[in-house]
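The values are calculated or read from the model by the stated rules, or taken from the named source; none is laboratory data. Note that the structure is predicted; figures quoted are calculated from it, not measured. We place every Cβ from the backbone using ideal geometry, glycine too, and count neighbours over all the protein chains shown. Note: accessible area is taken over every heavy atom of the protein model, side chains too, but ligands, DNA and RNA are not part of it. Shrake-Rupley method; radii C 1.70, N 1.55, O 1.52, S 1.80 Å.
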Amino acid sequence: MRDSIEGISRRRLMAGAAILAAPAILPRRVFADEPVVDLHSPSGNSLRHISSAFPEKGPMIVHRTRPNWLEPRFEIFDKGVFTPNNQHYVSWHYQTFPTEVDPDKFTLAVRGHVEKPLTISMKDLLAMPRISLAAVSQCAGNSRLYFEPGVAGAPWANGSMANALWTGVPLRHVLDLAGIKPGAQVIRFAGADESPAEDTPRFMKSLSIDHARDGEVMLAFGMNGEQLPLLNGFPLRLVVPGWVATYWIKALNDIEVLDQPDTNYWTVKGYRFPDVPDHTVAPGQTGYNLVSITKLFPRSFVTNLKDGDKVASGKPVYLRGIAFGGDCGVAKVELSLDGGQSWQAAKLGKDEGKYGFRRWESNLALPGTGAHAVSVRCTNSKGEAQPLKTTWNPQGYMRFNVETIKLTAA
Ligand SMILES: Nc1nc2c(c(=O)[nH]1)N[C@H]1C(S)=C(S)[C@@H](COP(=O)(O)O)O[C@H]1N2
Ligand SMILES: [Mo]
């Protein structure tokens, strides 16, 4: 179903759909007939069901059903640089997210340390000046499944990332309508998913005022020219280009300007990683500080072949993939056949915007028959390159090292 953004229409999860009916553990009943995929985790725990039972979603790898942790099969990233909405991964902290939204009744509050508190309807937002830009939404835990030794947390393979063309109102516009009062310190965002229990903190994140007013942070109601799927935050989400998806609050209904620091759990305690080079420590290491995860780091992947594939010997192998620069564009993508001692440049595809995926391709001559390790590395326009050494931290956050696949030429 294609819905235009202008005629924004009611969204509800079908009664009895897997999302509502399924118990917390993989429900064999529901998924018994569905295919199983092997995600090849080094720490085991590799098999997952694939299900098409989730509203507005195609076939998704199911890590958890309540609340949803869903990601697409990795092959879909080979199809193009924009991730189809029905293949865009899904992650929620709490099951309290709305299962039905009437956009005619939905409102966004702008309150706190402002001259004029606002209650904005979707109709109001659709009439405001808008921008569109491509940006990658990536979960802080993307690729956690490949941490070695394994770590606790959502066991994402490489698919909790997606690139979309986002359309919405620059946050700056709405903040200026409300008028931020002098002395304001930070802006905090929350969505319609309330705290599930009295002692459980509501999911909230905050941004500095300058960042919130940079003209790119947006209140997005459009995703690849359509309205947002309910599971991705219909009818409105915050888009923070270049920053980790944790900040991209879904079903956004509350913006609060604070005149003091944000001391809420998710800002002060949650989503932090070691404040050391490459945010990488050794298992068991102690004595380092933690720092909040903010910007994305460069990453690159082969998408047309996978680890273990056989290729024909005696002629160059066509390789293709995607890369992103993090909080700036992709400067180059390179390939190595010798574990990173020497690199050769791949050809970059069309630039659809500095925060989005960029296609790369290469015809790579493999030196003879047998097994070859092919590594791919992205360097962004700030000169930051993916590290060769595997990144690791106990929370399984922000893996961004060079990825390597083995190909056998015969
Ligand atoms: N309201 C709300 N927004 C949220 C979250 C949430 O739990 N509630 N999770 C965040 C996290 S950690 C991620 S990775 C992304 C996932 O967005 P998606 O489901 O559209 O892929 O939403 C972010 N925004
Ligand atoms: Mo996330």
Report yes if some residue within region 305-326 is buried (at least 19 other Cβ atoms within 10 Å of the Cβ) and touching a His at 6+ places or on another chain (Cβ under 6 Å); otherwise report no. no
Collect the residues in region 291-313 that are of a type in the set (Gly, Ala, Ser) and free of Cβ contacts under 8 Å to residues at least 60 places away in the same chain, keeping them in residue-number order. SER292
Could you list, in sequence order, all residues of region 233-244 that are outside any loop (DSSP other than H, G, I, E, B) and either touching a Phe, Trp or Tyr at 6+ places or on another chain (Cβ under 9 Å) or away from ligand 2 (no atom under 16 Å from the Cβ) (or both)? ARG237, LEU238, VAL239
Residues that are of a type in the set (Val, Ile, Thr) and either within 16 Å of ligand 1 (Cβ to nearest atom) or in a strand (DSSP E or B) (or both): does region 204-215 have at least one? no
Residue set THR267, THR280, THR246; condition within 10 Å of ligand 1 (Cβ to nearest atom), in contact with a Lys or Arg (Cβ under 9 Å, 6 or more places away or on another chain) and over 16 Å from LEU171 (Cβ atoms); output residue THR246
Looking only at region 32-77, count how many residues are in a helix (DSSP H, G or I) and buried (at least 18 other Cβ atoms within 10 Å of the Cβ). 2
Residue under question is GLY112, and the condition is that it be under 24 Å from SER195 (Cβ atoms) and within 16 Å of ligand 2 (Cβ to nearest atom); does it hold? no
Just need a number here: residues in region 285-332 that are touching a Lys or Arg at 6+ places or on another chain (Cβ under 7 Å), assigned to a strand (DSSP E or B) and among the hydrophobic types (A, V, I, L, M, F, W, C). 6
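One line per residue, one yes/no per condition, for (1) open to solvent by less than 10 Å² (accessible area, probe 1.4 Å); (2) over 19 Å from MET128 (Cβ atoms):
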position: LYS181; (1), (2): no, yes
position: ALA184; (1), (2): no, yes
position: ASP210; (1), (2): no, yes
position: VAL217; (1), (2): yes, no
position: ASN224; (1), (2): no, yes
position: PRO235; (1), (2): yes, no
position: GLY242; (1), (2): yes, yes
position: ASN253; (1), (2): no, no
position: VAL257; (1), (2): yes, no
Among residues of region 161-220 being among the hydroxyl-bearing types (Ser, Thr, Tyr) and under 30 Å from SER300 (Cα atoms), the residue farthest from ligand 2 (Cβ to nearest atom) is THR167
Let me spell it out: the conditions are (1) away from ligand 1 (no atom under 16 Å from the Cβ); (2) under 26 Å from VAL217 (Cα atoms); (3) crowded, with 20+ Cβ neighbours inside 10 Å, and ASP351 meets all of them except one. Which number is the exception? (3)
So, in region 100-118, how many residues would count as being open to solvent by less than 50 Å² (accessible area, probe 1.4 Å), within 16 Å of ligand 1 (Cβ to nearest atom) and out of contact with any Asp or Glu (no Cβ under 7 Å at 6 or more places or on another chain)? 3
Open to solvent by 30 Å² or more (accessible area, probe 1.4 Å), touching a Phe, Trp or Tyr at 6+ places or on another chain (Cβ under 7 Å), among the aromatic types (Phe, Trp, Tyr) and touching a residue at least 24 places away in the same chain (Cβ under 8 Å): does that describe TRP266? yes
For the subset of region 134-169 comprising residues that are more than 13 Å from the chain's Cα centre (by Cα) and aromatic (Phe, Trp, Tyr), which member is surrounded by the most Cβ atoms within 10 Å (Cβ to Cβ)? TRP166
Does GLY159 satisfy being away from ligand 1 (no atom under 12 Å from the Cβ) and at pLDDT 95 or above? no
Here the qualifying pairs (Cβ atoms under 8 Å; residues six or more apart or on different chains; first in region 79-104 and not assigned by TED's automatic domain parsing to the domain that holds ARG320; second near ligand 1 (Cβ under 6 Å from one of its atoms) and of a type in the set (Phe, Trp, Tyr)) come out as HIS93/PHE203; TYR94/PHE203
Residue check for LEU26: modelled with pLDDT of 95 or more, away from ligand 2 (no atom under 16 Å from the Cβ) and closer than 26 Å to GLU148 by Cα: no
